[in-house]
Amino acid sequence: MIYTVTLNPALDYIVELHTLNAGEVNRVNNDHKYPGGKGINVSRVLNNLKVPSIATGFIGGFIGDYIEAFLKEEGVNTDFIKVSGDTRINVKVKCSDEETEINGAGPKIDNQDLNKLFSKLEQLNSEDFLVLSGNVQKTLSQDIYAIIMSKCTKNGVKVIVDTTGKSLIDTLKYKPFLIKPNNHELGDIFNVKITSQEEVITYGKKLVDMGSENIIISLAEKGSILITAKGIYKATAPKGIVKNSVGAGDSLIGGLLAKYSQGIDIVESFRWATATGSATAFSVDLCKEDYVLQLLPQVKISEIY
C-alpha cells in the first residue's frame, strides 16, 4: 500500500477576479475549494490514476472535516489524526496574470498527536511505500521526517521524501527510496547557482552518494533528470499551456508511484511521472488519467550515461 503523510493540510480557497482593489470590497468571478497539502495531492493523483493509497496526517475543526469528506467523496482512503486546533485555510487570489497567496499557519501538534502518527507508521512493512511531503510547520522539529524514517525504514518501507533544505538532508542517512528537488532547490542545498545540465547531474549525484537511492530533479519546461545507481536519464517535457502552479511536483511523484508500485521499472515509471506532472501543470486542478495518457507519447527518455 502507498501511504501519504501531510503534516499541515489546508483548504485551498482559490478566487478569481478581473481586478483587485486594495481597501475596497471586491467580488469574485469564480471560486474553487480543494483539499491542499503535498501528500494529499499525491493521494488524489493516485486516485485519479486508479491506484489506491491511504492519506494520513493531522486535521482539525470544521475545515478538517470538510477535507476528509471531500477526499472520501472522491474515493481517497483516509486515516487522519484529529487534533484540537483548526486546519488552516490558504487563499489564492488569481487576478489577470498574477497569483497572490495568503497561507494560514495551521494547528499546534503536540507529542500525543505525534505518537499516534508514529504508531500508525511503525506498522508499515517492506510491501509499503511512504510519501513524506511538504515543508515542516513551525510547531514541529525540522528533523521530523528523519525521525519518522528512523521508526519505519527498519521495516523495509520505501520512503519518498519531497521537502527542502535541512529537513531533506537529515533524511539521507536513512536512505530514502526517492527524493525530488527541482534545480533551484538543489542549488540551495549546496549554496551554489546551477546553470547547466552537467551541474544538475554533478550535484544530484552528490545527494545519491549521501544516501538517496534515486533522485528526480525537475527542470520545468526543460524536462527532468533521473539519477539512479544504475544510470542517469533525461525525460523531455510535453508541450502545453501552464494553467496550474500547484501540484505538478506532487503529481510527478504520484505518476511514478502509480507504475512503480505495480512492478514497472523505475525508468518507465519516470516517463509516466513526467507525463503526470505535466498534465497537472496544464490543468486547472490535479490531472485526470485520460490527459496523462494523451501526453505520454510526447515524453521521450534518453540515457545520458
Between a residue in the stretch 7-29 that is within 16 Å of Ile102 (Cβ to Cβ) and in contact (Cβ under 8 Å) with a residue 24 or more places away in the chain and any residue that is hydrophobic (A, V, I, L, M, F, W, C) and assigned to a loop (DSSP other than H, G, I, E, B), which pairs come within a Cβ distance under 7 Å, given they are 6 or more apart or on different chains? Val15/Val28; Glu16/Val28; Leu17/Val28
Regarding Thr228, is this residue touching a residue at least 12 places away in the same chain (Cβ under 8 Å), closer than 26 Å to Glu74 by Cβ and of a type in the set (Val, Ile, Thr)? no
Looking at the stretch 265-288, I want the residues that are in a helix (DSSP H, G or I) and have a partner that is of a type in the set (Asp, Glu) with Cβ atoms under 8 Å, at least 6 apart or on another chain. Which pairs are those? Thr280/Asp250
Say whether the condition of being in contact with a Ser or Thr (Cβ under 8 Å, 6 or more places away or on another chain), in a loop (DSSP other than H, G, I, E, B) and over 19 Å from Ile253 (Cα atoms) is met by at least one residue in the stretch 126-134. no
Could you check the stretch 67-100 and list, in sequence order, the residues that are crowded, with 17+ Cβ neighbours inside 10 Å and hydroxyl-bearing (Ser, Thr, Tyr)? Thr78, Thr87
Filtering strands (runs of 3 or more DSSP E) wholly in the stretch 170-243 for at least 1 residues that are aromatic (Phe, Trp, Tyr) and more than 18 Å from the chain's Cα centre (by Cα) gives 232-235
Hey, does the stretch 38-51 have a residue that's surrounded by fewer than 13 Cβ atoms within 10 Å (Cβ to Cβ), among the charged types (D, E, K, R), at pLDDT 95 or above and closer than 28 Å to Glu289 by Cβ? yes
Report yes if Ala248 is hydrophobic (A, V, I, L, M, F, W, C) and either in contact (Cβ under 8 Å) with a residue 60 or more places away in the chain or under 23 Å from Thr280 (Cα atoms) (or both), otherwise no. yes
Considering only residues of the stretch 97-118 that are of a type in the set (A, V, I, L, M) and in contact (Cβ under 8 Å) with a residue 24 or more places away in the chain, which is nearest to Asp12 (Cα to Cα)? Ala105
Hits in the stretch 101-117 (condition: on the phi < 0 side of the Ramachandran plot, within 20 Å of the chain's Cα centre (by Cα) and either surrounded by 11 or more Cβ atoms within 10 Å (Cβ to Cβ) or among the basic types (Lys, Arg) (or both)): Glu101, Asn103, Gly104, Ala105, Leu117
Val42 fails exactly one of the following numbered conditions: (1) under 26 Å from Ala275 (Cα atoms); (2) part of a loop (DSSP other than H, G, I, E, B). What is the number of that condition? (2)
Any chance you could count how many residues in the stretch 183-210 are in contact with a strand residue (DSSP E or B) (Cβ under 9 Å, 6 or more places away or on another chain) and either of a type in the set (Gly, Ala, Ser) or over 23 Å from Gly277 (Cβ atoms) (or both)? 1
Where Glu16 falls short, out of the listed (1) farther than 29 Å from Ser84 by Cα; (2) of a type outside the set (Phe, Trp, Tyr); (3) outside any strand (DSSP E or B): (3)
Among (1) free of Cβ contacts under 8 Å to residues at least 60 places away in the same chain; (2) more than 24 Å from Tyr174 (Cβ to Cβ), the one test that Phe58 misses: (2)
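The values are calculated or read from the model by the stated rules, or taken from the named source; none is laboratory data. Predicted model only: the values in this text are computed from it and were never measured. Virtual Cβ from ideal backbone geometry, glycine too; neighbours counted across all protein chains shown.
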